[in-house]
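K.L.:
Structure below; questions to follow.
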Amino acid sequence: AIGEQIHLTLFTNETDVDILKSRGVNADYLQVGFDNVWYQRKNRIKTYPEIVYCANDYGNFQLSPYRAEVAKALNRTFGKKFRIFGSGWKKHGLYDTPINNEQEADVYNSCKIAISVSNFHHKRYYSDRLLRIMGCGAFALSHEFEGLEKDFVDGKHLVTFSSIPDLISKCEYYLGNTVERQVIADNAYLKAHQTCTWH
C-alpha cells in the first residue's frame, strides 16, 4: 500500500523489482556501488594468504549453508593458503578474524584470489563485497548468479564457479596462472572505478 504512493522504489536485485512490479508498485534496479576511497590499490602485505574470503556468517540467510560449505572446503583443501575474515565462523570449526574497512582493503590488495558468495540468490544480485574486491584490483572468484552478464563478462572482469568442486579447481588453476589472473584483475579494477562507484 505504501509502495503505491512512492514515485520509485529501487533495489540492488531484480527479483524484488519483479515482485513489486507484479503488485503494481513502480520499482527498478540500482547497482549497490562501492566506496572507492577505502577500496583502492595499496601496497601488498606479505603476511596475508593467497586465497581470502571476507564475510560474516549470520546463519539465517538463503545462502548461509552454502557459504559455510564453501569456507570449509577451501580451508580443507588449501590449509594455510586460505583464510576467512569476518565473524560467526567458529561454529563451523573455522578460525575467524573480524576486520574493518581499511584491513579489508589490505587483505584484497595482498591476496591472489578473493572469494565472493552473497547471502542471497536473487536475479542480478551481488554483494558490494564483489565490487570492493574489484576496486582493490584483486582477482574475484564469484558464485554464479542470474543476470551477471548485465554488468560483467565472466572471464574478463571476474571468474565464476558453479559448484564447490568447480571452485576448488578454479582456485588451483588461477593460483598457477599469474598472467591470466592479473589481466582479469586489472580489467575488473578499471570496470569498478569507471562504472561502479557511488558517484
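K.L.:
May I ask you to list pairs of residues, at least six apart or on different chains, whose Cβ atoms are under 6 Å apart, with the first in region 8-37 being over 17 Å from residue 147 (Cβ atoms) and the second being acidic (Asp, Glu) and open to solvent by less than 70 Å² (accessible area, probe 1.4 Å)?
P.N.:
34/128
K.L.:
Starting from region 73-101, take each residue that is part of a loop (DSSP other than H, G, I, E, B) and list its partners that are among the charged types (D, E, K, R) and exposed (fewer than 12 other Cβ atoms within 10 Å of the Cβ), counting only C-beta distances under 6 angstrom and pairs at least six apart or across chains.
P.N.:
The qualifying pairs are 96/90.
K.L.:
Go through 52, 37 for me and flag whichever is in a loop (DSSP other than H, G, I, E, B) and of a type in the set (A, V, I, L, M).
P.N.:
From the options 52, 37, the qualifying one is 37.
K.L.:
Where in region 108-199 are the helices (runs of 4 or more DSSP H), entirely inside, with at least 1 residues that are acidic (Asp, Glu) and closer than 26 Å to residue 57 by Cβ?
P.N.:
Ranges flagged: 128-135, 164-175.
K.L.:
For region 158-189, give me each residue that is open to solvent by less than 20 Å² (accessible area, probe 1.4 Å) and under 14 Å from the mean Cα position of the chain (by Cα).
P.N.:
Across region 158-189, the qualifying residues are 158, 159, 160, 161, 167, 185, 188.
K.L.:
To continue, here is another question. Determine whether region 120-128 contains at least one residue that is in contact with a strand residue (DSSP E or B) (Cβ under 6 Å, 6 or more places away or on another chain) and open to solvent by less than 10 Å² (accessible area, probe 1.4 Å).
P.N.:
No; the residues of region 120-128 include none that is in contact with a strand residue (DSSP E or B) (Cβ under 6 Å, 6 or more places away or on another chain) and open to solvent by less than 10 Å² (accessible area, probe 1.4 Å).
K.L.:
Related question: Do we have any residue at all in region 69-91 that's closer than 29 Å to residue 193 by Cβ, of a type in the set (Phe, Trp, Tyr) and open to solvent by less than 60 Å² (accessible area, probe 1.4 Å)?
P.N.:
yes
K.L.:
Please find, within region 190-199, the residue that is farthest from residue 115 (Cα to Cα) out of those that are surrounded by fewer than 19 Cβ atoms within 10 Å (Cβ to Cβ) and hydrophobic (A, V, I, L, M, F, W, C).
P.N.:
Taking the candidates together, the pick is 198.
The values are calculated or read from the model by the stated rules, or taken from the named source; none is laboratory data. The structure presented is a predicted model; accordingly, all values stated were derived computationally and were not measured. Ideal geometry is used to build each Cβ from the backbone, glycine not excepted, and the neighbour counts take in all protein chains shown. To get the accessible areas, we keep the full protein, side chains included, count just its heavy atoms, and leave off ligands, DNA and RNA. Shrake-Rupley method; radii C 1.70, N 1.55, O 1.52, S 1.80 Å.
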